[in-house]
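*Asks:* Quick one: this structure, given as structure tokens, is what I'll be asking you about.
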Amino acid sequence: MGSNSLHVLKGINFTAESGELVAIMGSSGSGKSTLLNILGMLDEADSGEYTLDGVPIKNLNETKAAKYRNKFLGFVFQSFNLINYKSALENVALPLYYQRIPRKERQERAMKYLEQVGLKEWATHLPNELSGGQKQRVAIARAMAAEPKVLLADEPTGALDSTTSYEVMDLLQKINDLGNTILVVTHENDIAHMCKRIIYLKDGVIVKDEKVKQVRASEYV
Amino acid sequence: MKFIFDRNTWQEIFGSISKNKTRTIITVIGVLWGIFIYIALSGAAQGMNNGFEKVFKTVSMNSMFVWGQSTSKPYDGFKTGRQMRLKLGDVTTLQNRIPEIQFIAPRIVKGNFGSEPLYTVRGQKSGTYPVNGDFPVYTKIATKKIFDGGRFINDEDIEQARKVCVIGERNLKELYEEDEDPIGSYIRIGNIYFQVIGVHKMATGVSFDSDNAIFIPFSTYRRLYNSGDNVGYLCIAAYDDVDVVQVEKDVKSILKSIHRADPKDERAFGSFNLGEAFGRIMGFSKGMTFMSLIVGIATILAGVIGIGNILLISVKERTKELGVRRALGATPREVRSQIILESVFLTVIAGVMGIILGAGVLSLINNMTKDIDFPYTNPTVPIPYVLGALAIMVVLGTLIGLIPAQRAVSIKPIDALREE
């Protein structure tokens, strides 16, 4: 970091409605990941306001941030970030563990979400026994398991080939169809166009914010 | 605290531990080895301690012997080389002048210290055995186990100078048929017949007498062999809390004054101090116990540090996992508790296994040394020591777990999740 601070985001102002599927697009260094981290309470903005579901998010200590993350947010990462010694089912059940949900109920609910992403029969497999697409589907199930207000996906298709990418996007679209709010960070045009709204970032500012006609991923699968 | 008793917490910890088998095993071996060494060493030291105590059990620890020799200095008109002879009267004098003395048993012997053993006959069988003239008080200093049906010499035997004797286990074997009851039978010692009143058992460990020694009343001995007031040597037992070395000095100086030997004459009377010899051996054994304690604790410490080390490495390896956990809603406290509890849990499991293993090895050694002549009995580690070791391990496990735990929460989840 050093003493020279670098302002990555220079004034971002937007509102995402409930049930939206928003793509945040931009090239490397445009600040899209930083934005997502702030939204995900993994990072804090130097100034500005952030309101999530009517709750102002500010002055968070780690413990409070952890609680909010657990309650409001689901994360999907580019590199899946599954815990490699836990089975698919246990991975999905993990956020529920931090909600103090008893083991049995935890596993039932985790199984429900695994079924939703079509991996019921893979429940007992470890992540290294799954393909990239399957891993990402497990990660999505995990993000959904806590029933968050917003699903934050950071380059969810970045490590996948295009066919698998479309499968994952198809899944995200279906989840969105159920009424879930999803924010997807991506730098791929085709992925962005599978969302309902695209926010273009460049050098830390929003250059364009438009609603687009959603391309259904299922057309490609 | 509620967190600790939560079943879910333990399921999570158990999952993390059991899924990382290599790490767990290596960690456990470190502490297990430590506690095993501690238990085995201190148990063995205790066993040796017990063994020595058992060896010395048959005699009074705080006892000494004194006997007459020849003078090496002229004194009070006497030449050098005068033979010193202990007398029965010395006993009373010593007892009166040295209050620290608990018992004095004067003894006189044929068959030891240069005198001829006596030819003993019973029917067709015979042998030569040492014969001791004794007082009943002798058994207060050197315990004599008498076989059922018999007894040792008593005061009436002394008063009436009865011709009775207590024979040894070996005398019994050599003079009698198998399954014969010796009590009440007669044997001829020298030219005189004695009635057998008891058989003494061979003492294991330290013993003043061999198993073929025959005991007869002192008064009988004196009358038969015309020994007058002469005494062969004195067995003296001091009270338990008394420094027997000082008693030894006092006894010798009083004897020198009674028998008119030069007070500076070191050769006039000989003595042997059992308390001192015993003290030296017990001191050695105590030193062993202390050393094993130090070594054991140091080994436990090394083991616990090993656990901390491995957990620290594993925290580095698990940076991402812990980042994910925190992104999913784990509070820093939960992450910290998990690491510490993993550490404590591993330590305790390893500790208990080490204790069991150590106890097993100790009982194995005990079984192996049971029948051989080696001062080693009942190796045990006192329960407070075991619990103490366990407590040390839990405390150290917690403290050592704090380092990786603190490290785990000091990494921001965003840094932990950042792509490589």
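The values are calculated or read from the model by the stated rules, or taken from the named source; none is laboratory data. The structure displayed is predicted, hence computed values, not measured ones. All Cβ positions, glycine included, derive from the backbone under ideal geometry; neighbour counts span all protein chains shown.
*Asks:* Find the residue count for segment A:1-48, including only residues that are farther than 26 Å from A:K196 by Cα and in contact with an Asp or Glu (Cβ under 9 Å, 6 or more places away or on another chain).
*Replies:* Total meeting the criteria: 2.
*Asks:* A further question follows. Would you confirm whether or not segment B:337-356 contains a residue that is out of contact with any helix residue (DSSP H, G or I) (no Cβ under 7 Å at 6 or more places or on another chain), surrounded by fewer than 17 Cβ atoms within 10 Å (Cβ to Cβ) and either of a type outside the set (F, W, Y) or not assigned by TED's automatic domain parsing to the domain that holds B:S42 (or both)?
*Replies:* Looking through segment B:337-356, at least one residue is out of contact with any helix residue (DSSP H, G or I) (no Cβ under 7 Å at 6 or more places or on another chain), surrounded by fewer than 17 Cβ atoms within 10 Å (Cβ to Cβ) and either of a type outside the set (F, W, Y) or not assigned by TED's automatic domain parsing to the domain that holds B:S42 (or both).
*Asks:* Scan segment A:209-221 for residues that are assigned to a loop (DSSP other than H, G, I, E, B) and free of Cβ contacts under 8 Å to residues at least 60 places away in the same chain and jot them down.
*Replies:* A:V212, A:K213, A:V215, A:R216, A:Y220, A:V221
*Asks:* Within the bounds of segment B:321-335, is there any residue that is away from chain A (no Cβ under 14 Å), at pLDDT below 85 and not in a loop (DSSP other than H, G, I, E, B)?
*Replies:* No, every residue in segment B:321-335 fails to be away from chain A (no Cβ under 14 Å), at pLDDT below 85 and not in a loop (DSSP other than H, G, I, E, B).
*Asks:* All but one of (1) surrounded by fewer than 19 Cβ atoms within 10 Å (Cβ to Cβ); (2) at pLDDT 90 or above; (3) of a type outside the set (K, R) hold for B:V131, so report the exception by its number.
*Replies:* Answer for B:V131: the failing condition is (1).
*Asks:* Restricting to segment A:125-167, count the residues that are β-branched (V, I, T) and under 22 Å from B:K19 (Cβ atoms).
*Replies:* Total satisfying the criteria: 1.
*Asks:* How many of the residues making up segment B:150-182 are free of Cβ contacts under 8 Å to residues at least 40 places away in the same chain and more than 16 Å from B:F218 (Cα to Cα)?
*Replies:* Number satisfying all stated conditions: 8.
*Asks:* Residues of segment A:148-206 being modelled with pLDDT of 90 or more, under 16 Å from A:G133 (Cβ atoms) and among the small types (G, A, S), which ones?
*Replies:* A:A153, A:S165
*Asks:* Name, by its number, the condition in (1) touching a residue at least 60 places away in the same chain (Cβ under 8 Å); (2) within 14 Å of another protein chain (Cβ to nearest Cβ) that does not hold for B:W33.
*Replies:* With (1) touching a residue at least 60 places away in the same chain (Cβ under 8 Å); (2) within 14 Å of another protein chain (Cβ to nearest Cβ) applied to B:W33, the lone miss is (2).
*Asks:* Sticking with this one: Would you point out which residue out of A:T63, A:T34, A:T15 is within 12 Å of chain B (Cβ to nearest Cβ) and free of Cβ contacts under 8 Å to residues at least 12 places away in the same chain? Break it down into steps so the answer makes sense when it comes.
*Replies:* Values: A:T34 fails: free of Cβ contacts under 8 Å to residues at least 12 places away in the same chain; A:T15 fails: within 12 Å of chain B (Cβ to nearest Cβ).
Selected residue: A:T63, the only one of A:T63, A:T34, A:T15 that is within 12 Å of chain B (Cβ to nearest Cβ) and free of Cβ contacts under 8 Å to residues at least 12 places away in the same chain.
*Asks:* Can I ask one more? Can you name the number of the only condition in (1) buried (at least 19 other Cβ atoms within 10 Å of the Cβ); (2) within 13 Å of chain B (Cβ to nearest Cβ); (3) acidic (D, E); (4) over 28 Å from B:K412 (Cβ atoms) that A:E105 fails?
*Replies:* Result: A:E105 passes all but (1).
*Asks:* On the basis of being within 14 Å of chain B (Cβ to nearest Cβ), in a loop (DSSP other than H, G, I, E, B), buried (at least 19 other Cβ atoms within 10 Å of the Cβ) and not acidic (D, E), does A:I83 make the cut? Spell out the reasoning first.
*Replies:* Numbers: within 14 Å of chain B (Cβ to nearest Cβ): yes; in a loop (DSSP other than H, G, I, E, B): yes; buried (at least 19 other Cβ atoms within 10 Å of the Cβ): yes; not acidic (D, E): yes.
Yes; evaluated as a whole, the condition is true for this residue.
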